[in-house]
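Encoded as structure tokens, the structure appears first; notes follow it.
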Amino acid sequence: MSSARGGLRMIYGSSWLELSEAWIPAPPDFSNFIVVPENRAAYEAALAVAGKVRVRPNPLILQGDAGSGKTHLLLAIARKSRAEKPRRRIAYWPILTFIDVLIDALRESRMERF
């Protein structure tokens, strides 16, 4: 096993890999999201959701190809929301989980808690 010597170590299979901090990208937030015409609407919707204090319902559903920035925007919303209100609850669900939870809430008349 090798030592990290100021870098980070991660396990890959049964081996340790050493990573220099220069290899680690900045955490996803709005300042490092690359806006292009194809994702501008999603970016602006994410900014609007992140800026809302308490709007119900407030689902944001992002759909797009792999690598289009969906996860980056969702993590940026979470970071901004948590920075402003550390106790804010944030849910990050795959769409099928969201639909299951929504249907359960509708069936059990629990929409106010949803």
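Key figures
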{"item": "Qualifying residue in the range 84-106 (condition: at pLDDT 85 or above, assigned to a loop (DSSP other than H, G, I, E, B), aromatic (F, W, Y) and surrounded by 12 or more Cβ atoms within 10 Å (Cβ to Cβ))", "result": "no"}
{"item": "Answer residue from the range 1-52, given it is of a type in the set (K, R) and not in a loop (DSSP other than H, G, I, E, B) and is modelled with the lowest pLDDT among those", "result": "R9"}
{"item": "Tabulated pairs, the range 86-101, first more than 14 Å from P59 (Cβ to Cβ), second basic (K, R), C-beta under 8 angstrom, 6+ apart or interchain", "result": "R88/R82"}
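The values are calculated or read from the model by the stated rules, or taken from the named source; none is laboratory data. None of the values given here were measured: they were computed from a predicted structure. Neighbour counts run over all protein chains shown; Cβ positions are idealised from the backbone, glycine included.
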